[in-house]
1. Can you go through ARG174, ARG192 and tell me which one is open to solvent by 80 Å² or more (accessible area, probe 1.4 Å), closer than 18 Å to GLU230 by Cβ and modelled with pLDDT of 90 or more?
2. From PRO109, PRO70, grab the single residue that is in contact with a Pro (Cβ under 9 Å, 6 or more places away or on another chain) and of a type outside the set (A, V, I, L, M, F, W, C).
3. Could you list, in sequence order, all residues of the stretch 149-161 that are surrounded by 11 or more Cβ atoms within 10 Å (Cβ to Cβ) and out of contact with any Gly (no Cβ under 8 Å at 6 or more places or on another chain)?
4. Tell me which residues, restricted to the stretch 195-221, are open to solvent by 70 Å² or more (accessible area, probe 1.4 Å), in contact (Cβ under 8 Å) with a residue 12 or more places away in the chain and touching an Asp or Glu at 6+ places or on another chain (Cβ under 7 Å).
5. List the number of the failed condition for ALA146; all other conditions in (1) open to solvent by less than 60 Å² (accessible area, probe 1.4 Å); (2) outside any helix (DSSP H, G or I); (3) more than 30 Å from GLN264 (Cβ to Cβ) hold.
6. For residues that are surrounded by fewer than 11 Cβ atoms within 10 Å (Cβ to Cβ) and in a loop (DSSP other than H, G, I, E, B), tally how many sit in the stretch 104-136.
Amino acid sequence: MDTHDTDSDARREPAGPGGPDGTATPGADAEAEPTSAVAPSAVPPDVVPRAAAVPPAAAVPPAVLPPPDPRTGVAALSPRYQVAAALALAVVAVTVCVHLALVFLHVAPSNTVTKQHGNAIDDWVYPEFEQNWKLFAPNPLQQNIAVQVRAEVHTEDGDVNTTGWYDLSAEDGRAIDGNLLPSHTDQNELRRAWDFFASTHDAENRPSGLRGTLSETYLRRIVVLRLDREGAAGRTGVIENVQVRARTTNVPAPKWSDEKISDQPMYRVLPWWTVTAADSDGGAA
């Protein structure tokens, strides 16, 4: 009986901190910490991991997109009106191109097209689109023309002195060169006066009609005023007569050209003109 009780007690008593043989193991004196592990079935239903807290995709509301921009211009029209607008634009574009081409032919130098269809071009241009200019000079100048003048001055002693030649064109050139806003007088007065004279006089410097006499008076007054500006008569002298000449030189050929052009100047000398009081006053009398 004692043996039976002893064996029963031995089975009921837990094993000691040591092994079966009673040997102590490291850390056996420390109390075992209780574990905090909980069975999965014991997790409360309201405690859900963060990753699982995202609602399903079907529960996310769709993104709100901005409404499309309304169509403007031709795109807002119906297909039928779009075709009509395209045809209208094509007609306008063709008309503008034809108009520009006809005006170009009108102002361009004479060519094969203008000779063959000149009447049609004139019918289109005149009178609404008339042009009074040319795209290219029909006969560009290939000469340099310098207008020069000299005078006979009567002094108080009764002597008559002839001045040297004053190059009036060179003076105008110096006034224009490097000037951003050159004077209209420096650019055109003397040049236009000489062109007026040359077109109304023959090779013998004889005037043709009333315009020839007018051009002679106009040129004479210009050169007298220029001489007064230069002080050609001095303090006491009086300009009695003036003589004008034109010095013409050819424009040299470009370096790449084999054309031989004379560089010798040619002179057209006019007869002496008597200066009147109206010439000295600039035509005021």
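1. ARG174
2. Of PRO109, PRO70, the one residue that is in contact with a Pro (Cβ under 9 Å, 6 or more places away or on another chain) and of a type outside the set (A, V, I, L, M, F, W, C) is PRO109.
3. Passing the criteria: VAL149, ALA151, GLU152, VAL160.
4. Within the stretch 195-221, ARG221 is the sole residue that qualifies.
5. Result: ALA146 passes all but (3).
6. Total satisfying the criteria: 8.
The values are calculated or read from the model by the stated rules, or taken from the named source; none is laboratory data. It should be emphasised that the depicted structure is a prediction, and the values quoted were computed from it without experimental measurement. Cβ coordinates were reconstructed from backbone atoms using ideal geometry, including for glycine residues, and neighbour counts include every protein chain displayed. These accessible areas exclude ligands, DNA and RNA; they are computed on the full protein's heavy atoms, side chains included. Shrake-Rupley method; radii C 1.70, N 1.55, O 1.52, S 1.80 Å.
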